[in-house]
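Please read the structure below before turning to the comments.
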């Protein structure tokens, strides 16, 4: 069985990755506070916007778009964790929770926006 990913989902993944990288990597780890400096709120909004863009452009089901949006954000968070661990190995001792939090913060809004879009537009299941 050959595992292939459709190009539209690479686009969604890339958008999620670059948005997370641009909003997450410019903050020093010592100042990184998801709720305190608004990163979490921005990620919620950005994942919803990415989902809306993908649905308007490709007319696809919400679950797959939400999944690839979240995976893009998670990839950026994971690379940040690896980068920070090489700089200082005492950081990110709760990294699994950081990845889980990134998934929840980005998957749920993207899925909800996609579901609402599908409901309003009446997209057929394909």
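Numbers for the structure displayed
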| quantity | calculated |
| --- | --- |
| Odd one out for residue 70, checked against (1) surrounded by 15 or more Cβ atoms within 10 Å (Cβ to Cβ); (2) modelled with pLDDT of 90 or more; (3) farther than 19 Å from residue 96 by Cβ | (3) |
| Single match in 75, 45 (criterion: within 12 Å of the chain's Cα centre (by Cα), within 14 Å of residue 14 (Cβ to Cβ) and in a helix (DSSP H, G or I)) | 75 |
| Matching residues in the stretch 79-98 - criterion: being within 14 Å of the chain's Cα centre (by Cα) and either in contact (Cβ under 8 Å) with a residue 60 or more places away in the chain or surrounded by fewer than 16 Cβ atoms within 10 Å (Cβ to Cβ) (or both) | 79 |
| Of residues in the stretch 19-44 being modelled with pLDDT of 85 or more and surrounded by 14 or more Cβ atoms within 10 Å (Cβ to Cβ), the one farthest from residue 71 (Cα to Cα) | 42 |
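The values are calculated or read from the model by the stated rules, or taken from the named source; none is laboratory data. As the structure is a computational prediction, the values presented were derived from the model and not from experiment. Note that each Cβ is placed from the backbone with ideal geometry, even for glycine, and that neighbours are counted across all protein chains shown.
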